[in-house]
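All remarks here apply to the structure that follows.
The values are calculated or read from the model by the stated rules, or taken from the named source; none is laboratory data. This is a predicted model, so every value here is computed, not measured. Glycine gets a Cβ as well: all are built from the backbone with ideal geometry, and neighbour counts include every protein chain shown. All accessible areas refer to the heavy atoms of the entire protein, side chains included, with ligands and DNA or RNA removed. Shrake-Rupley method; radii C 1.70, N 1.55, O 1.52, S 1.80 Å.
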Amino acid sequence: MATTILRRVRWVPEVHPDEGIRSYLRRSAYENRLTSIDMLLGSAGIKADRKLLHDHLSDRELDDLSQILRLDLRTMHSILHRRSQRFPDVLEFQGCQFKECYLVPLRRRVSPASLARECYDWAIWEVHALPYCPESFELLISRCKSCGSQLFWRSSLPIELCQVCQADIREFKARSVPPRHRELATKAVELLARTKVEQQEAVLRFPPDLHHLTAIDIFELGIELGRVF
């Protein structure tokens, strides 16, 4: 029985260290002239992009997808979300560990200005508690400002285009974090640094009463306090 794709992709886009897996799949689909990312996923037996959480992929699916994309397994691990072996509701996300409910992995959110600088989606844009881009300080948008459609990844159009009306997302205007709040906004993002050393440095930028906590403890505390107030 024939499958959608039986061979590896011809073109291998660069993997950016802060890029999300769905962004990479869309760019790969476009570069290789495929009709959607489903062609990449389906060839590895992956039926839904919910399975792009690391623990939802079988060893065979992960190996097949890495071969199709022509990426080594170490690179694949770096752009997939992985579930903590100790805590079932916790994900390892770009070097950090926090609750799965803090992610919005199925809803695309973008910063038009950052997309204009580098044409890919940052993985950190999937963190629900961060409504802004740490580079541009734009508030992330999730709908096309031209046709109003929800933005998503499954299309194989260039990643800068709306999948419905093909408007250029890079040209959209978005509101920004006020300058007086940007220092605190930066501190929040620094808590999600990739290495333990960087995370500890971020903790030390907060008041001494919080220094006994981990970076993720402080990040999650901020989320819960935001819900209260």
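Observations on the model:
- Looking only at residues of segment 71-86 that are more than 13 Å from Val15 (Cα to Cα) and touching a strand residue (DSSP E or B) at 6+ places or on another chain (Cβ under 8 Å), we find that the one that is most open to solvent (accessible area, probe 1.4 Å) is Arg82.
- Any pair with Cβ under 9 angstrom, 6 or more apart, that starts in segment 205-229 at a residue that is under 22 Å from Pro131 (Cα atoms) and ends at one that is modelled with pLDDT of 90 or more and aromatic (Phe, Trp, Tyr): Ile218/Phe206
- First in segment 61-75 and more than 13 Å from Gly45 (Cβ to Cβ), second anywhere and among the acidic types (Asp, Glu) and at pLDDT below 90, Cβ under 9 Å, 6 or more apart: Leu73/Asp63
- Output for segment 118-131, where each listed residue is assigned to a strand (DSSP E or B) and open to solvent by less than 20 Å² (accessible area, probe 1.4 Å): Val127
- Tabulated pairs, segment 7-18, first without any contact (Cβ under 8 Å) to a residue 40 or more places away in the chain, second assigned to a loop (DSSP other than H, G, I, E, B) and not charged (D, E, K, R), C-beta under 7 angstrom, 6+ apart or interchain: Arg10/Asn32; Trp11/Asn32
- Within segment 152-173, residues that are of a type in the set (Val, Ile, Thr) have Cβ atoms under 9 Å from residues that are surrounded by 17 or more Cβ atoms within 10 Å (Cβ to Cβ) and part of a helix (DSSP H, G or I) in these pairs: Ile159/Ser23; Ile159/Arg26; Ile159/Arg27; Ile159/Tyr30; Ile159/Leu115; Ile159/Ile169; Ile169/Pro112; Ile169/Leu115, counting only partners at least 6 apart in sequence or on another chain.
- Qualifying residue in segment 102-117 (condition: in a loop (DSSP other than H, G, I, E, B), within 23 Å of Thr195 (Cα to Cα), at pLDDT below 95 and open to solvent by 20 Å² or more (accessible area, probe 1.4 Å)): yes
- Residue within segment 186-204 that is in contact (Cβ under 8 Å) with a residue 40 or more places away in the chain, over 18 Å from the mean Cα position of the chain (by Cα) and surrounded by 17 or more Cβ atoms within 10 Å (Cβ to Cβ) present: yes
- Taken across segment 13-21, residues that are closer than 18 Å to Leu103 by Cα and modelled with pLDDT under 80 do not occur at all.
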